[in-house]
Amino acid sequence: MFYFSIANRTANKGLDGKKGKLWWSIETFLKQLKRDAPDYLLLENVDRLLLSPSFQRGRDFAVILSSLNNLGYAIEWRVINAADYGFPQRRRRVFILGYKKGTALYSKLKNTDPSDWITQDGIAAKAFSVTSSDSITTGIIPKSTKEIMNSFSNDKTRFKKAGIMIDGVYYTQNIKPHYTGTKITLGDVLLDEKLIPESFYIKDKDLLK
């Protein structure tokens, strides 16, 4: 996980802002590792990363994709809502998986149809079953992150809920969760009131404070 906030949408500066700086530390760390950089990456963040910043939609995610491409990684991303898979919480997060060039998963992704990987053959698809909800679209990510920061066009539909990127080319489409397992409600995980320690309650005499 890397810290990135879009809480104040009108003032959100994305990777330029104070709450987006950690990404650059991750990039620097991976560069310093060189050949010792990990074969696989797992990053997680808020789903609105795909639309950040508000004045240049998709720019920040494109910068991340470009950086990882320049470091030799193929990328798979997926927006997952915990509630869609039986958990008692609406929590949408984007998960970014990186496969370093030369690994088995990199080769497998490169030789698999993009839509098949996104909907059935990829790591995310196997863990979180989905169906496609629209056709796949594709585009090219510039190698220069500076070019992206300065001139990336504002397009809130560029990066959809799922996608892959390999050798600077991305493929993306919207997906629908397909889950038939047990669904847990909040009531299933709440403890009986009798089991709650007194320390969790505010005493009557302290309420006014």
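Couple of notes before you dig in:
- Listed residues Leu190, Tyr85, Leu42: farthest to the positive end of the dipole of the chain (Cβ charges): Leu42
- A protection proxy built from the mean count of other Cβ atoms within 10 Å ranks the segments 61-72, 101-112, most packed first, as 61-72, 101-112.
- When Rg and the Kirkwood Rh are both derived from Cα coordinates, the Rg/Rh ratio for the stretch 108-195 amounts to 1.19.
- Peptide packing for 195-204, 131-140, 151-160 was compared via the average number of neighbouring C-beta atoms within 10 Å per residue; ordered from the highest value, the list is 151-160, 131-140, 195-204.
- Pairs exceeding 28 Å between alpha-carbon atoms, taken from Lys110/Lys143; Lys34/Lys110; Lys31/Lys146; Lys156/Lys176; Lys21/Lys110; Lys100/Lys183: Lys21/Lys110; Lys100/Lys183.
- Cα long-axis angle, helix 22-33 against the chain (0 to 90 degrees, to the nearest 10): 50 degrees
- Remark on the stretch 14-182: ratio of C-alpha radius of gyration to 2.2 N^0.38 Å is 1.01.
- A helix-only calculation puts the chain at -6000 deg cm²/dmol for mean residue ellipticity at 222 nm, using -39500 (n - 2.57) for each DSSP H run of at least four residues, averaged over all residues.
- The ranking of Trp77, Trp24 from fewest to most other beta carbons within 10 Å of each one's beta carbon is Trp24, Trp77.
- Charge dipole magnitude, Cβ of K and R +1, D and E -1 - the stretch 56-204, Cα centre, debye nearest 20: 440 debye
Values quoted throughout were computed directly from the atomic coordinates according to the rules given, and no laboratory measurement underlies them. Computed from a predicted model, the values in this text were never measured in an experiment. Every residue, glycine among them, receives a Cβ derived from its backbone with ideal geometry; neighbour counts consider all protein chains shown.
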